[in-house]
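Laboratory data are not the source of any read-out in this text; all were calculated from the coordinates shown. This is a predicted model, so every value here is computed, not measured. Here the Cβ is made from the backbone with ideal geometry for all residues, glycine too, and neighbour counts use every protein chain on show.
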């Protein structure tokens with residue numbers, strides 16, 4: 001039993017490394033294909049759209065509930081590894097690259113939410129702590145391509161693609177070989193095209209889901225624009241001494257620590273209280289971002305990014321915990337998956353909104369718009385508390 005959580009965490013880290021592989025090497029791809037800088041948002045949105053399409057299909061068909069989630073995870077890890085390699089094909093054009101990223105995102109639907117389903121089947125007690133480690137692995141996997149980029153800067157960008165595909169395949173094998181289906185799994189569920197919606201009948205499930213939706217409005221837009229913010233800062237202050245890929249990795253990866261910490265704190269203070277606190281802090285970061293994002297004091301700017309990174313993800317495993325705890329047992333996997341689907345659909349709107357409105361003139365205050373999500377989430381949680 002002790003080896004199961006580490007195995008799930010390692011597998012999740014390895015497999016989610018393909019998620020932001022394109023983001024880490026976007027500059028190299030843009031130069032090679034002679035693309036506009038705004039292509040970054042389209043590339044990231046392609047992954048998110050693929051993930052949304054995948055989660056909708058997985059939720060409607062009840063894949064994670066009707067079949068062994070471990071085997072689903074394994075198959076999707078191998079398929080996403082192969083598709084991810086497509087981004088490194090010689091002579092690839094912009095549209096084929098977007099198609100590859102879309103397909104990668106589609107099969108990530110069998111990795112991230114299914115990994116949480118596997119963990120919740122094994123750890124019905126202390127689920128917040130377990131998902132804290134699991135989402136922490138997602139954060140590291142998301143940040144890892146930036147580290148790879150900084151480490152192999154002298155090598156062709158395709159090595160980032162190759163490395164993340166190998167990791168995804170290894171993660172799938174680790175899950176299959178080391179993790180059995182959990183004792184909490186309900187076997188042999190029948191196909192129900194509306195079963196994935198049953199959780200929303202419960203007010204506690206709805207409150208957790210809406211809090212998660214508000215959190216997602218902010219999270220991925222923040223992650224996507226970290227390299228953009230850092231690059232813009234260096235353009236404004238050429239004497240800034242940081243390495244953009246390395247600092248992007250460090251800022252995003254720091255969130256993995258806050259996921260683990262919030263999971264542990266939730267065992268003492270409750271998942272909802274810690275999630276609400278984290279959402280409030282990240283909301284404050286959005287609001288005060290104009291004061292610090294392009295502050296001439298480089299240290300203050302960097303510290304602020306780290307604080308924001310810690311707050312922006314700390315609530316994620318706790319919302320997932322609340323959703324899993326309040327979802328119907330027979331459709332837990334589908335409930336987690338559909339909430340993920342809606343959440344990631346929201347990320348596309350926020351990413352594209354920031355991308356469309358951002359300019360050199362407003363770059364220091366445009367990220368205030370990210371506060372819309374946390375405000376919505378906080379109002380939902382407060383309303384639920386008042387009802388109780």
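Could you order peptides 365-377, 304-316, 337-349, 264-276 by the average number of other Cβ atoms within 10 Å of their residues, highest first?
Values: 365-377: 20.6, 304-316: 24.7, 337-349: 23.2, 264-276: 18.7.
Output ranking for 365-377, 304-316, 337-349, 264-276: 304-316, 337-349, 365-377, 264-276.
Return a whole-number percent for the relative contact order of region 264-368, with Cα pairs under 8 Å and 6 or more residues apart as the contact set. Can you show the working numbers first?
On the way: 71 pairs, mean separation 36.6, N = 105.
In percent, rounded to a whole number, it is 35.
Under 10 Å, Cα contacts only: if you run a Gaussian network model on the chain, which one of 116, 151, 216 comes out with the highest mean-square fluctuation?
151
Please give the FRET efficiency for residue 239 paired with residue 303, using the beta carbon to beta carbon distance and R0 = 25 Å, rounded to the nearest 0.05.
Working: r = 18 Å, r/R0 = 0.72.
Rounded to the nearest 0.05, the efficiency is 0.85.
Under a GNM of the chain (C-alpha, springs under 10 Å), which listed residue has the highest mean-square fluctuation: 234, 201, 149?
201
In deg cm²/dmol, rounded to 500, what helix-only [θ] at 222 nm does the chain give when every DSSP H run of at least 4 residues adds -39500 (n - 2.57) and the total is split over its residues?
On the way: 17 runs with 293 residues, N = 388.
Theoretical 222 nm ellipticity from helices: -25500 deg cm²/dmol.
Which value, to two decimals, describes the C-alpha radius of gyration of region 99-174 once divided by 2.2 N^0.38 Å?
Cα Rg divided by the expected 2.2 N^0.38 Å: 1.29.
Using 0.36 nm per residue, how much length does the chain from residue 200 to residue 71 gain when fully extended, once their Cα-Cα distance is taken away?
Stretched fully, the residue 200-residue 71 segment lengthens by 43.7 nm.
Do you know the relative contact order of the chain, to the nearest whole percent, from alpha carbon pairs under 8 angstrom that are 6+ apart?
After rounding, I find 27 percent.
Please report the relative contact order for region 216-309, taking Cα pairs under 8 Å with a sequence separation of at least 6, and give it as a percent rounded to a whole number. Don't jump to the answer; show the numbers that get you there.
Values: 41 pairs, mean separation 26.0, N = 94.
With pairs under 8 Å counted, the relative contact order is 28 percent.
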